């Protein structure tokens, strides 16, 4: 019987044939924590006297959620991560180096790997053809120490996408539409395997956006077969040797197959306070926007910034709308500087935020006032997400966000 | 796993980890007793201050969606909640709760009203609504999770075996 991508990868890591529904102990290739979850991981490990990590060069501690630290409590949490990294030989990703999920795909995760991360958007790395899933501090701590984790092999939904995207419509509109269709718990425990002609033609940036948001439908991971596009991406990161072709069998068994025609999609926006509560951007012209945020592990890549810059070049943000832009990693920041994108943004009136998670997770750098509306390219709009339960968060693509920043209300970039 | 009795506090669908342990209190994550004073504050302002040790949460669909923050189930447990009953749970929250020994019970919570008295016998898988005198069927946990829960959580499991002894 044929196997899905998840069954293949988990089987390889547990040295036996597996099928959906099986429970296994699987070898872990890469383990990661961030500054919100890592301190508790360290506490849990020390509770059982686990003082070392199995693979230090593949254990990464990220300072990204509160980077640079806005308060002494968080500065002390950062100290703890730095000391642990030093003691165990693990890798520390310092403030300014970027959002963990972007850094993981850039330099750490390879096709065929298993990644566990104490952050729910760990599924982003699945776009490389890896099995990547979010867990809590305890699970990841034990995984770091023992080099393995217990897993249930997930059933898979095959998401087959065909057709060309329309003007200023893209992967973010696709994933928001899919989540709206299946619901915020429509894929709980499942893997979402994205495939089809549209995915084959999609760049890695778009694939990361899709897999990043798999968890917003409740999924355990999003995953995509590795191919020439994956290979080129790894080569660009000087990691060509990490490439391995991995794809699902033609006769793999799927729990469900969902087909989507990309040509029928429109610029899509999630409305407060759940991701599956979507509307077309054109239907929301009456929503005035106080803040636009372009960045995050969902849409802070160079391709996203280029789209935003193409709309904002020689333009100004609306007088009543502040604009925050944060490249997802240091290398993306450098490229954006070299290509003149940052100058376009600053001239348009944007505040540039250090690569990291701050605004999206409501820790610092972009907390909303009471009753204020933010249109953001991030992945979540839960009540209180951006630091204030009285704030209202809408989610969109970079194109919709940039165009709306200019006009001051939610606007359809298909009209540009 | 003894029989537990307590009062039910009702919550709706899609209660996220941001409702339970919001990002604006990120700096309290290294001070769980202080963070626990704000548990579920953004879903129900009266809960943290008025709940009594031993009470139950009775929620709708997809309880605990969102972040991987283990602090969310940790502060529910720390505040003295006996267990969370819900129509369904989000995956990472589910796993985290079992790992730290917080009881989760999947059942039809439409059969529970605000402030009903609930009795839970986890060992035999029986939930009773004492106020309406009905027994509510529950979805059993997978064996692997019962093992972890019986040993007091994943940390205790590892303390005992120094490895996974789950399959």
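The values are calculated or read from the model by the stated rules, or taken from the named source; none is laboratory data. Predicted model only: the values in this text are computed from it and were never measured. All Cβ positions, even for glycine, are placed from backbone atoms using ideal geometry, and neighbour counts span all protein chains on display.
What to note about this one:
- Of all residues in region A:351-364, those satisfying the criterion of being in contact with a helix residue (DSSP H, G or I) (Cβ under 9 Å, 6 or more places away or on another chain) and buried (at least 23 other Cβ atoms within 10 Å of the Cβ) are A:355, A:357, A:359, A:360, A:361, A:362, A:363, A:364.
- Note on region B:74-93: among residues that are facing chain A (nearest Cβ under 9 Å) and touching a strand residue (DSSP E or B) at 6+ places or on another chain (Cβ under 8 Å), the one that is farthest from residue B:107 (Cα to Cα) is B:92.
- Residues of region A:212-247 that turn out to be closer than 13 Å to residue A:158 by Cα and surrounded by 22 or more Cβ atoms within 10 Å (Cβ to Cβ), as a count: 6
- Every condition in (1) within 18 Å of residue B:114 (Cβ to Cβ); (2) surrounded by fewer than 21 Cβ atoms within 10 Å (Cβ to Cβ); (3) within 14 Å of the chain's Cα centre (by Cα) holds for residue B:40 except the one numbered (2).
- Failed item in (1) crowded, with 22+ Cβ neighbours inside 10 Å; (2) under 14 Å from residue B:59 (Cα atoms); (3) in contact (Cβ under 8 Å) with a residue 60 or more places away in the chain, with residue B:116 passing the rest: (1)
- Verdict on residue B:60 being surrounded by fewer than 24 Cβ atoms within 10 Å (Cβ to Cβ) and more than 12 Å from chain A (Cβ to nearest Cβ): no
- Residue within region A:272-285 that is over 21 Å from the mean Cα position of the chain (by Cα), without any contact (Cβ under 8 Å) to a residue 12 or more places away in the chain and closer than 24 Å to residue A:366 by Cβ present: yes
- Contact annotation: no residue pair with Cβ atoms under 8 Å, 6 or more positions apart or on different chains, pairs a residue in region A:177-194 that is over 11 Å from residue A:215 (Cβ atoms) and within 11 Å of chain B (Cβ to nearest Cβ) with a partner that is outside any strand (DSSP E or B) and modelled with pLDDT under 95.
- Every residue from region B:130-167 that is under 13 Å from residue B:8 (Cα atoms) and either touching a residue at least 24 places away in the same chain (Cβ under 8 Å) or within 12 Å of chain A (Cβ to nearest Cβ) (or both): B:130
- Residue A:407 being assigned by TED's automatic domain parsing to the domain that holds residue A:311, in contact (Cβ under 8 Å) with a residue 40 or more places away in the chain, over 23 Å from residue B:20 (Cβ atoms) and surrounded by fewer than 21 Cβ atoms within 10 Å (Cβ to Cβ): yes
- Residue A:368 assigned by TED's automatic domain parsing to the domain that holds residue A:294 and in contact with a strand residue (DSSP E or B) (Cβ under 6 Å, 6 or more places away or on another chain): yes
- Enumerated strands (runs of 3 or more DSSP E) restricted to region A:100-168, each holding at least 1 residues that are more than 28 Å from residue A:67 (Cα to Cα) and either modelled with pLDDT of 95 or more or outside the structural domain of residue A:44 (by TED's automatic domain parsing) (or both): A:148-152, A:156-162
- Going through (1) assigned to a loop (DSSP other than H, G, I, E, B); (2) in contact with a strand residue (DSSP E or B) (Cβ under 8 Å, 6 or more places away or on another chain); (3) more than 23 Å from residue A:304 (Cα to Cα) one by one, residue A:225 falls short only on (3).
- Residue list for region B:26-46, restricted to those being within 9 Å of chain A (Cβ to nearest Cβ) and in a helix (DSSP H, G or I): B:26, B:27, B:28, B:29, B:30, B:32
- Lone unmet requirement of (1) touching a helix residue (DSSP H, G or I) at 6+ places or on another chain (Cβ under 7 Å); (2) farther than 19 Å from residue A:119 by Cβ for residue A:49: (1)
- If the condition is being buried (at least 20 other Cβ atoms within 10 Å of the Cβ), more than 16 Å from residue B:155 (Cα to Cα) and within 9 Å of chain B (Cβ to nearest Cβ), then region A:38-72 contributes A:65, A:66.
- Looking only at residues in region A:389-416 that are out of contact with any helix residue (DSSP H, G or I) (no Cβ under 7 Å at 6 or more places or on another chain) and closer than 20 Å to residue B:65 by Cβ, the one that is farthest from the other protein chains (Cβ to nearest Cβ) is A:394.
- Within region A:233-252, the residues that satisfy the criterion of being over 16 Å from residue A:130 (Cβ atoms) and without any contact (Cβ under 8 Å) to a residue 24 or more places away in the chain are A:235, A:236, A:238, A:240.
- Criterion (over 28 Å from residue A:311 (Cα atoms) and under 19 Å from the mean Cα position of the chain (by Cα)) met by exactly one of A:158, A:190: A:190
- Within region B:3-27, restricting attention to residues that are surrounded by fewer than 24 Cβ atoms within 10 Å (Cβ to Cβ) and over 16 Å from the mean Cα position of the chain (by Cα), the residue that is farthest from residue A:183 (Cα to Cα) is B:27.
- Output for region A:1-21, where each listed residue is in contact (Cβ under 8 Å) with a residue 60 or more places away in the chain and in contact with a helix residue (DSSP H, G or I) (Cβ under 8 Å, 6 or more places away or on another chain): A:3, A:18, A:19, A:20
- Within the set A:136, A:143, the sole residue that is within 23 Å of residue B:95 (Cβ to Cβ) and more than 9 Å from every other protein chain (Cβ to nearest Cβ) turns out to be A:143.
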